[in-house]
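Accompanying notes for the structure given below.
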2 protein chains.
Amino acid sequence: MIAELISVGTEILLGNIVNTNSAYLAEKCAQLGLSLYYQTVVGDNEERMRETIRTALGRSDIVILTGGLGPTEDDLTKEVTAEVMGLALKEDPHSRRLLDDYLAQYQKNDAQRRITSNNYKQAMVPEGAAVLDNHNGTAPGLIMEKNGKTAILLPGPPGEMKAMFEEYVFPWLRKKQPEMIFSQMIKICSIGESQVAEEIQDLIESQTNPTIAPYAKTGEVHLRITAKGNSRKECEELIQPVVRELEHRFGKNIFAESENMSLEEAVTVLLWERNLTLSTAESCTGGAVAARIVNVPGASDVLMQGMVTYSNQAKRKTLGVKEETLNLYGAVSEECAGEMAEGGCSFAGTDVCLSVTGIAGPGGGTPEKPVGTVFMGCCVKGKTTVREYHFIGNRARIREQTVAHGLAFLRACILENS
Amino acid sequence: MIAELISVGTEILLGNIVNTNSAYLAEKCAQLGLSLYYQTVVGDNEERMRETIRTALGRSDIVILTGGLGPTEDDLTKEVTAEVMGLALKEDPHSRRLLDDYLAQYQKNDAQRRITSNNYKQAMVPEGAAVLDNHNGTAPGLIMEKNGKTAILLPGPPGEMKAMFEEYVFPWLRKKQPEMIFSQMIKICSIGESQVAEEIQDLIESQTNPTIAPYAKTGEVHLRITAKGNSRKECEELIQPVVRELEHRFGKNIFAESENMSLEEAVTVLLWERNLTLSTAESCTGGAVAARIVNVPGASDVLMQGMVTYSNQAKRKTLGVKEETLNLYGAVSEECAGEMAEGGCSFAGTDVCLSVTGIAGPGGGTPEKPVGTVFMGCCVKGKTTVREYHFIGNRARIREQTVAHGLAFLRACILENS
């Protein structure tokens, strides 16, 4: 079955807020095995909304609309959808009672708040529609069906929308789906996007069930393998040989085999399994590597301390980088990165320390060490590895890549040296 | 003129990533005075992409497409747009040279990395198109014009897209607009979105020219005042009284009066103007506050050192937090935050230190100190202020809010105590 998403509202259309509803609903549709081909954002304009809904119902089986269900005159989603589907509106006594209760509650909190009469248009329901109670706001949701087409109307505020989707819509859609869909993620680091694409081109070309979809992230490539079948077991049996083939091709560059495992979590788990403690000594990334590690709940088991040694004085004082190293080779050098990593282990008393020193720009570049030159050092139980990187882009982009490659480098050094 | 946005890519379509590009571009279109009626997301499917692009070019003057410009076979945006517009593709020598340089640079980092032949399709350009160099990746952008319609193709990764939009597309679109549009940004911190909205409701209701549009960001509210006129001078004269009124209403909670001034830059400039040095002592944010400060080029003039003291041992050893403080009040307490800030100033030898300690979750909460409880301390030349915060959301959201409010708190303490 084919689903389609329509977000209604001027706030999203004009960029005042980011459209997180669509990402949420798209992921849920994928999880339900619904094919999704289009997402559209349209403003609170009757004519354009009518055209958008008509097009969507023409090409898709299920159209999920969010927003425009509120009490104001701009809120037209229900009225326009009912019109396009040819369904008349009438007041639903149940919705009217819930609305009265909710508004009474609100007025209790704030006696000044007037209840305007247009609030009651929220209790009007298209004939034959299923009403979805809203426990987090006033506008109920709706499921409208006619001639084999379904329109699902949900409120715009993400908190109201998600709660209603999970309580009513997900189970309703699951029952509609005859086929089981199951997918597994394989996450790769230390190899670029185009190289991964080339190495799996034969698999992608020959794919039917399961399919393989690559997703490029900064410093990572994710491969989603998705199978359709009659049971979860059947899906898993389809997926397993592909996973084994990918393991064969990418070996230890695979850092995770699940959706929810991030690179920082994989590194944290690796440290934890090998009973190693970590510290970081960062210059140009200014603490961003440590902050990524702290993303992981329970990171405190492995990350003892982070040092942001942005000045040469801090590099000397805290990390014990030698003055002659700074004078001879400079702060952005192989030698300094090595001493920072070793000094970090000593100062923080950890088994492992990752150091980063580089030129993020826009200033500070030289012909020998242009902007984007980064040295990273990793000391693992006394064994120090140093590597030189050259990143491209503006300051933010260079730092983002440095952090991602720093985590991959840290992981590689732990695998190699412990 | 009417603009329209199309995001191409399975990642956004299937909800693997949130579509932040559209919010960014929609805001820019508003700033340029372009009308925007539709945003569409479509996957890497030739037929559906063709249909979407044809529809968009039919109803809008300018279509801005993001994504699908990469080296893989899935990347079809350029090919399909050129086909719909009836423009032939040929290799552009300039783009080919830039691509070769970029790939050579990449290979320097990793001799193992092979350059695959499909990379070169990125140098193919539709006839008559303007090529927009990509300084942050391989895929160049394009501006294609025919029969009064314009298609602007930009890469999908937000870092590449934004840099390219600002350098080339914004000035190009500005020239296209017959009327002068001029806008000024007023950025506010330390007050919530709904309070700002309430305090300017009268201004928004009576607005025609200039208009005021509020944008809620984490810990900040941005107000864009936009005027239309025949000259920049005329626009500025329309904007000035509104700016003065906002200055009157929000006073020193306004941290910036320009688009490009970030909160971290405002704090850095403030420190620099008052000749103060800074250090940070972070627990639950794990270095993310320091990393925000290091966003600012030249941050090394003020940020001497950052301490990520995630373990109690590091809090004691590096920051000198008393063992009895940790035993009596715990690491997440007013007392600990105060000692961390004072200890940070001593250890790093700085005038100012911001400390952060809190419970980002998902574990670690108690009835007295639930998840989201954060204490921040700020020591400015010996004067220490501590504040308690309660944030709502998951771990990432709590940390993001902590960093944003931490910078606002730091700014307020410097204004108050120096």
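Across the range A:217-236, the qualifying residues are those that are without any contact (Cβ under 8 Å) to a residue 40 or more places away in the chain and touching a strand residue (DSSP E or B) at 6+ places or on another chain (Cβ under 8 Å), and the one among them that is nearest to residue A:409 (Cα to Cα) is A:221.
Of all residues being under 23 Å from residue A:201 (Cβ atoms) and out of contact with any helix residue (DSSP H, G or I) (no Cβ under 8 Å at 6 or more places or on another chain) in the range B:41-72, which is nearest to the other protein chains (Cβ to nearest Cβ)? Just the residue, please. If we take residues in the range B:41-72 being under 23 Å from residue A:201 (Cβ atoms) and out of contact with any helix residue (DSSP H, G or I) (no Cβ under 8 Å at 6 or more places or on another chain), then B:48 is nearest to the other protein chains (Cβ to nearest Cβ). Among residues of the range B:273-298 being of a type in the set (A, V, I, L, M) and facing chain A (nearest Cβ under 7 Å), the one that is surrounded by the most Cβ atoms within 10 Å (Cβ to Cβ) is B:290. For the range B:130-151, the candidate set comprises residues that are more than 14 Å from chain A (Cβ to nearest Cβ) and of a type in the set (Val, Ile, Thr); within that set, the residue that is surrounded by the fewest Cβ atoms within 10 Å (Cβ to Cβ) is B:131.
When you scan the range A:220-228, do you find a residue that is over 30 Å from residue A:416 (Cβ atoms), surrounded by 14 or more Cβ atoms within 10 Å (Cβ to Cβ) and not charged (D, E, K, R), even just one? Scanning the range A:220-228, I find at least one residue that is over 30 Å from residue A:416 (Cβ atoms), surrounded by 14 or more Cβ atoms within 10 Å (Cβ to Cβ) and not charged (D, E, K, R), so the answer is yes. The set of residues in the range B:1-16 being closer than 30 Å to residue A:258 by Cα and either facing chain A (nearest Cβ under 7 Å) or not in a strand (DSSP E or B) (or both) consists of B:9, B:10, B:11, B:12, B:13, B:14, B:15, B:16. Among the conditions (1) of a type in the set (A, V, I, L, M, F, W, C); (2) away from every other protein chain (no Cβ under 14 Å); (3) within 21 Å of residue B:286 (Cα to Cα), residue A:336 misses just one, which is (3). If we keep just the residues of the range B:180-216 that are within 14 Å of chain A (Cβ to nearest Cβ) and hydroxyl-bearing (Ser, Thr, Tyr), which is farthest from the chain's Cα centre (by Cα)? Taking the candidates together, the pick is B:211.
Among the numbered conditions (1) more than 9 Å from chain A (Cβ to nearest Cβ); (2) of a type outside the set (Gly, Ala, Ser); (3) without any contact (Cβ under 8 Å) to a residue 40 or more places away in the chain; (4) within 15 Å of residue B:344 (Cβ to Cβ), the only one that residue B:324 does not meet is (4). Which of (1) in contact (Cβ under 8 Å) with a residue 40 or more places away in the chain; (2) more than 13 Å from every other protein chain (Cβ to nearest Cβ); (3) surrounded by fewer than 23 Cβ atoms within 10 Å (Cβ to Cβ); (4) touching a helix residue (DSSP H, G or I) at 6+ places or on another chain (Cβ under 7 Å) is the odd one out, the single condition residue B:91 does not satisfy? Residue B:91 satisfies all of (1) in contact (Cβ under 8 Å) with a residue 40 or more places away in the chain; (2) more than 13 Å from every other protein chain (Cβ to nearest Cβ); (3) surrounded by fewer than 23 Cβ atoms within 10 Å (Cβ to Cβ); (4) touching a helix residue (DSSP H, G or I) at 6+ places or on another chain (Cβ under 7 Å) except (1). Selection of the range A:217-236 for residues being among the hydroxyl-bearing types (Ser, Thr, Tyr) and within 12 Å of another protein chain (Cβ to nearest Cβ) yields A:218, A:226. Residues in the range A:302-338 that are outside any helix (DSSP H, G or I) and aliphatic (A, V, I, L, M): A:302, A:303, A:304, A:307, A:308, A:321, A:331, A:332. Within the range A:152-167, the set of residues being surrounded by 12 or more Cβ atoms within 10 Å (Cβ to Cβ), out of contact with any Pro (no Cβ under 9 Å at 6 or more places or on another chain), without any contact (Cβ under 8 Å) to a residue 40 or more places away in the chain and under 19 Å from residue A:70 (Cβ atoms) comprises A:157, A:160, A:163. In the range B:259-266 there is at least one residue matching the filter, namely being closer than 23 Å to residue B:23 by Cβ, surrounded by fewer than 13 Cβ atoms within 10 Å (Cβ to Cβ) and either polar (S, T, N, Q) or at pLDDT 90 or above (or both).
Restricting attention to the range B:379-396, report how many residues are within 26 Å of the chain's Cα centre (by Cα) and either surrounded by fewer than 16 Cβ atoms within 10 Å (Cβ to Cβ) or among the basic types (Lys, Arg) (or both).
6
One residue stands out among those in the range A:362-418 that are in a loop (DSSP other than H, G, I, E, B) and hydroxyl-bearing (Ser, Thr, Tyr): the one that is nearest to the other protein chains (Cβ to nearest Cβ), which is A:366. The condition (being within 20 Å of residue A:217 (Cβ to Cβ) and buried (at least 24 other Cβ atoms within 10 Å of the Cβ)) is satisfied by just one residue among A:406, A:344: A:406.
Of all the residues that make up the range B:199-216, how many are hydroxyl-bearing (Ser, Thr, Tyr) and in contact (Cβ under 8 Å) with a residue 40 or more places away in the chain? The number of residues fulfilling the criteria is 1. In the range A:245-257 there is at least one residue matching the filter, namely being more than 26 Å from residue B:17 (Cβ to Cβ), without any contact (Cβ under 8 Å) to a residue 12 or more places away in the chain and out of contact with any strand residue (DSSP E or B) (no Cβ under 6 Å at 6 or more places or on another chain). Listed by first and then second residue, the pairs linking a residue in the range A:396-418 that is without any contact (Cβ under 8 Å) to a residue 24 or more places away in the chain to a residue that is not in a helix (DSSP H, G or I), with Cβ atoms under 8 Å apart and 6 or more places separating them unless they lie on different chains, are A:396/B:295; A:397/A:391; A:397/B:136. Would a scan of the range B:17-34 turn up a residue that is within 12 Å of another protein chain (Cβ to nearest Cβ), part of a helix (DSSP H, G or I), touching a Ser or Thr at 6+ places or on another chain (Cβ under 6 Å) and not hydroxyl-bearing (Ser, Thr, Tyr)? Yes, the range B:17-34 has at least one match. You will find that of B:321, B:374, B:352, the residue that is crowded, with 22+ Cβ neighbours inside 10 Å and closer than 22 Å to residue B:301 by Cβ is B:352 and no other. Within the range A:59-103, the residues that satisfy the criterion of being assigned to a helix (DSSP H, G or I) and at pLDDT below 80 are A:102, A:103.
Going by the structure shown, is residue B:96 surrounded by fewer than 22 Cβ atoms within 10 Å (Cβ to Cβ), more than 22 Å from the chain's Cα centre (by Cα) and within 13 Å of another protein chain (Cβ to nearest Cβ)? So residue B:96 fails the test. Check the range A:310-318 and report whether any residue there is within 24 Å of residue B:279 (Cα to Cα) and of a type in the set (Phe, Trp, Tyr). Taking every residue of the range A:310-318 in turn, at least one turns out to be within 24 Å of residue B:279 (Cα to Cα) and of a type in the set (Phe, Trp, Tyr).
The values are calculated or read from the model by the stated rules, or taken from the named source; none is laboratory data. Predicted, not measured: the structure shown is a model, and the values here were computed from it. Using ideal geometry, Cβ is built from the backbone for each residue, glycine included, and neighbour counts are taken over all protein chains shown.
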